[in-house]
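Down below is the structure, laid out as structure tokens.
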Amino acid sequence: MILVTGGTGFIGQVLVRNLVSLGYPVRLLINPSNKTPRIPRGISVDAAISSIYDERNLRAAMKDVRTVFHLIGTEWRGINAEYFDVDIEAGKNTAAVAAQMGVERFFYLSHLGTDRSSAYALLQAKAKTEAAIIESGVPYTILRTAPIYGKGDHFTEAFAAMIRKIPFAVPLPGDGETRIQPLWIDDLITCLLLCMDDERTVAETIEIGGIETLTIRECLELIMDVIGVRKHFYNISPVWLRSLMIAMEQWFERWPQLYFWADYLAEDRITSLDVLPRRFSLFPTRMSRNLDYLRES
């Protein structure tokens, strides 16, 4: 049995569909809530209801589980993210129970740039979560990823929405030359599945990104080309951009939640370009070839 936490999110839903299509039995960990969970439709999965703070129910959820994919993260809630109360505690508690229950593999998705001494709360929290997982003693594999894109993502679709909504010109952090390596969702899922079948990835922290390095300006230009909207750019310091994103999320209920990106794009977030071909014999897809879904949004 495979347990997926955060299985109702963007990455989680794609992962669950792939696991089920390959014949794996999958169980979703669902947080108790008044809202109906977005369980992937048309596929058969188990569901376990448990808070991340409820050790007894976490144990029950991990009965007969051999592999855990831990995907819980709150950065996509924008200014309402709860890095230290949710992200760290979720990783710490889930990993501890997994170790106690004899789980054989524990996978965690982190971010490029993760560092305890980072100036940004998210990257600090990711580093502390990584440390808690390692200290738990569970056989772990941590993937530090570049921005993930695909239908339903929090990257290209959020920026496409901003480009459509914002009048006149689009703000760029700094000089707009911050470099990233966008990674197609299907390439990420392939890496996760290959890691699951490769015992050599146990106790490893692997940095992965796409096959090309793009500036944020180039990424936004690609998005504009696809959605058929052309606007000018203006440069804004990351500090002022963060303040702008906070204000927009507070003032406008349906404003895209971009606060996370104000921090993430303040510095280059890149790794070796050949890591996927070298480590996984996988040649990643270029971003320009996979953005047609934006025409539908």
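Quick look at the values:
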| quantity | calculated |
| --- | --- |
| Qualifying residue in the stretch 264-285 (condition: surrounded by 14 or more Cβ atoms within 10 Å (Cβ to Cβ), modelled with pLDDT under 90 and not in a loop (DSSP other than H, G, I, E, B)) | yes |
| Enumeration of residues in the stretch 200-246 that are within 21 Å of the chain's Cα centre (by Cα), over 14 Å from GLY176 (Cβ atoms), outside any helix (DSSP H, G or I) and of a type in the set (A, V, I, L, M, F, W, C) | VAL202, ALA203, ILE206, ILE208, ILE211 |
| Check on TRP261, under 21 Å from the mean Cα position of the chain (by Cα), aromatic (Phe, Trp, Tyr) and outside any helix (DSSP H, G or I) | no |
| Test result for TYR149, touching a Phe, Trp or Tyr at 6+ places or on another chain (Cβ under 9 Å) and either surrounded by 22 or more Cβ atoms within 10 Å (Cβ to Cβ) or of a type in the set (Val, Ile, Thr) (or both) | yes |
| The one condition in (1) modelled with pLDDT of 95 or more; (2) outside the structural domain of MET101 (by TED's automatic domain parsing) that SER136 fails to fulfil | (2) |
| Matching residues in the stretch 69-96 - criterion: being within 17 Å of GLN250 (Cα to Cα) and in contact (Cβ under 8 Å) with a residue 40 or more places away in the chain | GLU75, TRP76, ARG77, GLY78, ILE79, ALA81 |
| Yes/no for LYS151 being over 13 Å from the mean Cα position of the chain (by Cα) and closer than 28 Å to LEU58 by Cα | no |
| Selected residue (only one of PHE252, PHE233 is more than 23 Å from GLU75 (Cβ to Cβ) and out of contact with any Lys or Arg (no Cβ under 6 Å at 6 or more places or on another chain)) | PHE233 |
| Checking SER44 against (1) crowded, with 18+ Cβ neighbours inside 10 Å; (2) among the hydroxyl-bearing types (Ser, Thr, Tyr); (3) free of Cβ contacts under 8 Å to residues at least 60 places away in the same chain, the condition it does not meet | (1) |
| Some residue of the stretch 160-179 being at pLDDT 95 or above and outside any helix (DSSP H, G or I) | yes |
| So LYS92, is it surrounded by 18 or more Cβ atoms within 10 Å (Cβ to Cβ), of a type in the set (D, E, K, R) and out of contact with any strand residue (DSSP E or B) (no Cβ under 7 Å at 6 or more places or on another chain) | yes |
| Selection status of PRO256, part of a loop (DSSP other than H, G, I, E, B) and in contact with a strand residue (DSSP E or B) (Cβ under 8 Å, 6 or more places away or on another chain) | no |
| TYR120 of a type in the set (Phe, Trp, Tyr), within 30 Å of GLY228 (Cβ to Cβ), touching a residue at least 60 places away in the same chain (Cβ under 8 Å) and buried (at least 16 other Cβ atoms within 10 Å of the Cβ) | no |
| Answer from ALA81, ALA60 - the residue that is of a type in the set (Gly, Ala, Ser) and either farther than 20 Å from THR114 by Cα or out of contact with any helix residue (DSSP H, G or I) (no Cβ under 8 Å at 6 or more places or on another chain) (or both) | ALA60 |
| Check on GLY73, among the small types (Gly, Ala, Ser) and either farther than 27 Å from TRP184 by Cα or within 18 Å of the chain's Cα centre (by Cα) (or both) | yes |
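Residues checked against (1) under 26 Å from SER21 (Cα atoms); (2) surrounded by fewer than 20 Cβ atoms within 10 Å (Cβ to Cβ); (3) in the same structural domain as VAL14 (by TED's automatic domain parsing):
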| position | (1), (2), (3) |
| --- | --- |
| ILE166 | no, yes, no |
| ASP187 | yes, no, no |
| GLU199 | yes, yes, no |
| THR205 | no, yes, no |
| ILE223 | no, no, no |
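Listed here are the residues, each with its yes/no results for (1) among the small types (Gly, Ala, Ser); (2) closer than 29 Å to PRO284 by Cβ.
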{"residue": "ARG200", "(1), (2)": "no, yes"}
{"residue": "GLY209", "(1), (2)": "yes, yes"}
{"residue": "ARG217", "(1), (2)": "no, yes"}
{"residue": "GLU221", "(1), (2)": "no, yes"}
{"residue": "PHE252", "(1), (2)": "no, no"}
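The values are calculated or read from the model by the stated rules, or taken from the named source; none is laboratory data. Since this is a predicted model, take the numbers as computed values, not measurements. Using ideal geometry, Cβ is built from the backbone for each residue, glycine included, and neighbour counts are taken over all protein chains shown.
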